[in-house]
Amino acid sequence: TAKRSLVASAMGAGASSKGSRFWGAPSSKYGAGRAVIEVTAPPGPEEDPFPPKGTQPWDPSLAWSSGSRATAEHTLLTGPEQREVMEVLQSSRIVRLRLQGGFRSLRQLVDSAHIEEHPPGSILCGDTCWADGHRVVLSGMARVVLALEGPGQGSEVASLRQGDTFGWPSFLSAEEEETTEAWNRCQPRVEVGAHEALRVAVLSDDEGLDALTYNQRAHSNQMPGLRYGGGPHQEDKTRSVSKRSSRRALTLTTQANNTVSSGGNEFAKAKLSDRFARLWLVASAPAKGLVAVPAGMPRAHFQAALWSPLLDRFEELLDEIRRRKTAGYRIHDCFPLQGYQIAELKDHVFHLTELWYGCERGGNVSAMYRWFCEAMDLLGVTAYHYEDIPRVKSPDGWATVVDGAARQAALKNKGGSDALYVSTGGVAQRQGRSAIDNTVLRNVFMLHEAQELLIGRRLRKFLCSFIKMRQRCILRRLEEKLQLDLHWLAQVGGPGRGHRVVKNVLSCLTSEELEVAGIDASGACFRALKLHGAVLAGYGQLEPSQQKVVWETVRKLLKRIHSPTEHTGEPRADSEDCFERYVAWCRDYPGEYFEGSRERHISAMVGGLFANKIVIIRRSAMERMTLARYFPLAWIRIQPLWGYSSSGPMLLRPQHVREASNVRANECPYASLHGMSLSAGGFASDSRSGAVKKTSHRGYTLLMELQWVRDPKANIENWYITDVEKIVHEAYQLNPHGPASMMLPGEIFVNVGQNPKVGSSIKQTQHTQLCQGSVLSYPILQMKSDSGPRHSTELG
């Protein structure tokens with residue numbers, strides 16, 4: 001018969017083998033001074049005391065008490081096993097998440113790990129499955145089942161695959177122990193797949209390694225894609241959000257403390273959402289999804305612990321954009337996320353929706369697309385608000401006419417604002433083969449261009465620091481005269497109401513009073529202080545005329561280091577200097593090899609760096625200066641893409657090639673939540689850094705930072721080439737996978753299509769059009785043929 005418990009030699013002092021029964025439990029026995037893990041086989045069908053899988057009743061005796069957990073010394077991992085555990089850990093969900101600041105190194109985790117193997121068809125339950133450390137799946141598949149409908153029932157709430165994690169930390173507080181009891185009342189069990197054994201690495205020394213729940217990550221500012229950073233004035237830009245989060249964290253803490261005083265059971269209920277979230281954040285989605293679970297408990301905890309906080313963070317990010325715009329930051333400094341953080345946030349939304357809809361349906365980024373378009377509209381990337389443009393709908397509802405004259409007038413204003421942005425030191429946003437080929441700005445510059453971009457930015461900040469010093473001197477002088485603490489009220493991190501007080505106080509002072517105090521009322525420092533009511537936070541808070549003066553001064557200072565005969569203008573494509581032609585090529589043909597040659601492209605890049613003729617700036621730095629932000633979508637082409645010309649058919653893209661799409665807002669919208677998706681396959685844009693640093697900071701790989709050309713043939717034209725497969729893949733990732741009754745709050749249906757030549761003004765750059773809508777939005781798509789579908793011999 002099968003062994004049903006850990007052997008006595010593996011039990012700790014005072015421990016009892018009672019309650020340790022579960023099928024597939026690892027047993028231990030001593031040999032040569034160490035314990036060897038031995039896997040027990042599940043019982044045969046004739047001796048199985050439980051009903052078939054999914055219907056067995058819950059046995060409370062299977063849950064170990066906190067004082068009777070089995071302890072045993074385990075064999076040290078061999079070299080191949082250590083490498084296997086390390087590789088899986090580096091790509092695991094729990095490491096990809098933002099972890100608590102003091103987590104131990106991966107090497108220490110690997111050294112403390114031991115491997116368990118559970119045979120196919122085994123069932124794991126009780127504290128032997130969930131307590132005593134995290135368990136990282138090395139191979140095999142399993143599913144997490146809760147008996148929420150009563151004895152003999154089971155609902156899948158998560159699945160486990162390679163890289164997934166289950167279990168709780170080895171060290172739990174008394175409050176967490178109460179939560180564990182509430183979790184055990186859900187009768188959780190892990191059912192191993194019938195075809196392959198489940199191999200897991202148990203991390204015994206896992207103190208500090210715990211995936212934060214979404215609420216905790218929000219309060220600690222450690223959520224994916226929400227680590228504010230990049231650009232100047234980082235401390236000020238995080239102020240309002242962090243203060244709001246602190247207030248909300250204080251409120252939740254107070255409520256929790258009040259609940260504890262009234263009864264531990266109520267506290268355990270409140271913390272049960274965090275326990276569910278810990279599992280969902282580090283495990284894979286169930287097959288049918290949480291939406292298909294008969295009991296409402298998992299759906300309720302999903303909404304409370306994961307989805308609702310996500311929507312709250314979306315709103316907080318929009319509030320942060322509004323605050324920065326009100327404070328006068330430059331447009332590229334108003335967006336609070338860096339490029340890789342946007343991708344992290346997109347991945348997180350996809351994972352949450354996959355939990356909801358199930359891995360059979362798949363996740364989507366519909367809510368992400370909606371928020372992203374709203375953020376770009378609020379930011380001012382779009383030339384106008386679509387709701388402000390007059391529209392006329394036909395009586396039959398088949399057509400909507402957008403006022404072209406109003407759109408044209410708005411576009412003229414957009415061109416003026418872009419010119420002002422560049423004239424005050426902003427990076428030119430026009431490049432490439434078309435007007436929309438500026439999603440990824442070039443990062444290759446001539447030496448004088450890089451000096452203006454990098455050293456010029458430093459000089460601007462240096463000059464702004466002098467303005468700040470002068471403003472502080474002005475406030476100190478007025479404090480002595482007015483006996484009012486203006487300096488504290490005008491601090492960047494001070495209360496918003498205080499800024500209004502400072503503006504009102506400075507407005508009521510006459511020129512004579514200011515002159516007596518030794519203050520020039522017409523000076524730039526005093527005017528900026530009077531305009532914002534706060535000490536200067538950045539270059540963008542200066543008036544446009546003052547910005548031009550500062551930038552021209554910076555350019556004059558930089559010109560002194562160049563020889564009179566040196567060319568300091570835009571790089572020319574017809575220059576005799578090959579390095580200048582190379583930089584011009586990267587500007588005019590992003591994502592393609594220099595003059596069509598890979599060898600020439602690499603030689604020019606490496607030679608220019610060695611000769612100090614060109615400068616390459618990291619892509620992550622250039623993305624902070626880009627107005628047209630985007631989030632990526634990756635997919636694999638299944639069928640080849642063919643085009644047709646006067647010379648006959650031509651193969652444009654082969655099958656089984658990796659494709660990438662960059663989703664951005666349409667700067668000239670003519671539909672609700674109008675966006676575009678452009679091909680991004682030219683650059684190595686799908687590689688991410690897997691290194692885990694002490695700060696858990698994740699960024700781009702070296703190839704992505706260099707904007708390494710990966711597939712120059714990915715840049716194809718838009719006219720006469722309808723890429724149906726691109727439309728299908730993007731529609732699948734951007735839309736919820738179910739009826740409207742299944743949709744999560746904040747999700748929308750997104751219409752994806754490609755304009756024909758008659759309706760497209762962009763020829764050189766392939767792109768699809770995205771907007772809010774579905775079949776119900778277009779009566780023509782609801783028409784049915786009287787005779788039904790008909791076979792076409794021409795189409796085969």
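The values are calculated or read from the model by the stated rules, or taken from the named source; none is laboratory data. It should be emphasised that the depicted structure is a prediction, and the values quoted were computed from it without experimental measurement. Methodologically, a virtual Cβ is constructed for each residue, glycine included, from the backbone with ideal geometry; neighbour enumeration extends over all protein chains shown. Areas reflect the complete protein model, heavy atoms only, side chains present, ligands, DNA and RNA absent. Shrake-Rupley method; radii C 1.70, N 1.55, O 1.52, S 1.80 Å.
Looking at Gln546, is it over 35 Å from the mean Cα position of the chain (by Cα), closer than 26 Å to Lys468 by Cβ and not hydrophobic (A, V, I, L, M, F, W, C)?
Spelling it out, Gln546 is indeed over 35 Å from the mean Cα position of the chain (by Cα), closer than 26 Å to Lys468 by Cβ and not hydrophobic (A, V, I, L, M, F, W, C).
Residue pairs, Cβ under 7 Å, 6 or more apart or interchain, first in the stretch 548-569 and within 19 Å of Ala450 (Cβ to Cβ) and assigned to a loop (DSSP other than H, G, I, E, B), second hydroxyl-bearing (Ser, Thr, Tyr) and modelled with pLDDT under 85. List them.
So the pair list comes out as His562/Thr568.
Within the stretch 436-467, how many residues are of a type in the set (Phe, Trp, Tyr) and surrounded by fewer than 17 Cβ atoms within 10 Å (Cβ to Cβ)?
Looking only at that region, the number is 2.
Conditions tested, residue by residue: (1) under 35 Å from the mean Cα position of the chain (by Cα); (2) under 30 Å from Arg572 (Cα atoms); (3) touching a residue at least 12 places away in the same chain (Cβ under 8 Å).
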{"residue": "Val392", "(1), (2), (3)": "no, no, no"}
{"residue": "Gly397", "(1), (2), (3)": "no, no, yes"}
{"residue": "Ala409", "(1), (2), (3)": "no, no, no"}
{"residue": "Ala419", "(1), (2), (3)": "yes, yes, no"}
{"residue": "Ser423", "(1), (2), (3)": "yes, yes, yes"}
{"residue": "Gln451", "(1), (2), (3)": "yes, yes, yes"}
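Evaluate the following for Gly753: is it surrounded by fewer than 18 Cβ atoms within 10 Å (Cβ to Cβ) and within 24 Å of Leu337 (Cβ to Cβ)?
No.
Kindly indicate the residue of the stretch 756-777 that is within 22 Å of Ala367 (Cα to Cα) and without any contact (Cβ under 8 Å) to a residue 24 or more places away in the chain and also least open to solvent (accessible area, probe 1.4 Å) among those meeting that condition.
Selected residue: Val775.
Would you mind stating whether Lys757 is among the charged types (D, E, K, R), under 23 Å from Pro632 (Cβ atoms) and touching a Lys or Arg at 6+ places or on another chain (Cβ under 9 Å)?
No, not satisfied.
Among the residues of the stretch 340-394, which ones are within 25 Å of Ala740 (Cβ to Cβ), of a type outside the set (D, E, K, R), open to solvent by 40 Å² or more (accessible area, probe 1.4 Å) and not in a loop (DSSP other than H, G, I, E, B)?
Phe350
Among the listed residues Glu659, Glu623, Glu599, identify the single one that is modelled with pLDDT under 90 and acidic (Asp, Glu).
Details: Glu659 fails: modelled with pLDDT under 90; Glu599 fails: modelled with pLDDT under 90.
None of the others qualify; the one that does is Glu623.
Anything in the stretch 751-765 that is within 25 Å of the chain's Cα centre (by Cα) and closer than 18 Å to Ala660 by Cβ? List them, or say none.
Hit for the stretch 751-765 is Val752, nothing else.
Can you pull out the residues in the stretch 412-426 that are buried (at least 19 other Cβ atoms within 10 Å of the Cβ) and not polar (S, T, N, Q)?
The answer is Tyr421, Gly425, Gly426.
Which residue, of Glu599, Glu576, is open to solvent by 70 Å² or more (accessible area, probe 1.4 Å) and within 36 Å of the chain's Cα centre (by Cα)?
Only one candidate passes the filter, namely Glu599.
Please work out if Arg433 is open to solvent by 40 Å² or more (accessible area, probe 1.4 Å), at pLDDT 90 or above, part of a loop (DSSP other than H, G, I, E, B) and basic (Lys, Arg).
Judged against the criteria, Arg433 is not a match.
Looking at (1) at pLDDT 85 or above; (2) under 35 Å from the mean Cα position of the chain (by Cα), which one does Pro779 not meet, given that it meets all the others?
Against the list (1) at pLDDT 85 or above; (2) under 35 Å from the mean Cα position of the chain (by Cα), Pro779 comes up short only on (2).
Taking the stretch 510-543 on its own, how many of its residues are assigned to a loop (DSSP other than H, G, I, E, B), open to solvent by 30 Å² or more (accessible area, probe 1.4 Å) and at pLDDT 85 or above?
The total comes to 5.
Pull out all pairs, ordered by first then second residue, where Cβ-Cβ is under 7 Å, the residues are six or more apart or on different chains, the first lies in the stretch 325-340 and is under 16 Å from Val440 (Cβ atoms), and the second is of a type in the set (A, V, I, L, M) and in a loop (DSSP other than H, G, I, E, B).
Hits for this filter: His332/Met625; His332/Leu627.
Find all pairs meeting these conditions: Cβ atoms under 8 angstrom apart; at least six residues apart or on different chains; first residue within the stretch 458-476 and farther than 16 Å from Ile519 by Cα; second residue not aromatic (Phe, Trp, Tyr) and not in a helix (DSSP H, G or I).
Sorted first by the residue in the stretch 458-476, then by its partner, the pairs are Arg460/Gly425; Lys461/Pro232; Cys464/Leu536; Cys464/Gly538; Cys464/Leu542.
Within the stretch 319-339, how many residues turn out to be under 29 Å from Phe302 (Cβ atoms), assigned to a helix (DSSP H, G or I) and open to solvent by less than 10 Å² (accessible area, probe 1.4 Å)?
Qualifying residue count for the region: 2.
Looking only at the stretch 544-554, filter to residues that are open to solvent by less than 50 Å² (accessible area, probe 1.4 Å) and of a type outside the set (A, V, I, L, M, F, W, C); which one of those is farthest from Ile474 (Cα to Cα)?
Per the criteria, the residue is Gln547.
Return yes when Ser647 is open to solvent by 20 Å² or more (accessible area, probe 1.4 Å), of a type in the set (S, T, N, Q) and more than 30 Å from Val583 (Cβ to Cβ) and no when it is not.
In short, yes.
So which of Gly289, Gly296 ends up being within 27 Å of Gly167 (Cα to Cα) and open to solvent by less than 10 Å² (accessible area, probe 1.4 Å)?
Gly289
Tally the residues that are open to solvent by 20 Å² or more (accessible area, probe 1.4 Å), outside any loop (DSSP other than H, G, I, E, B) and not hydrophobic (A, V, I, L, M, F, W, C), restricting the search to the stretch 650-670. Steps first, please.
From the stretch 650-670, those open to solvent by 20 Å² or more (accessible area, probe 1.4 Å) are 650-652, 654-658, 667-668, 670; that's our starting set.
Narrowing the set further to residues that are outside any loop (DSSP other than H, G, I, E, B) leaves 650-652, 658.
Adding the requirement that they be not hydrophobic (A, V, I, L, M, F, W, C) leaves 658.
Here the count works out to 1.
Of the residues in the stretch 127-149, how many are more than 19 Å from Ala287 (Cβ to Cβ), among the hydrophobic types (A, V, I, L, M, F, W, C) and at pLDDT below 90?
Number of matching residues: 3.
Considering only residues that are free of Cβ contacts under 8 Å to residues at least 24 places away in the same chain and under 48 Å from the mean Cα position of the chain (by Cα), which ones fall in the stretch 506-517?
Answer for the stretch 506-517, where residues must be free of Cβ contacts under 8 Å to residues at least 24 places away in the same chain and under 48 Å from the mean Cα position of the chain (by Cα): Ser507, Cys508.
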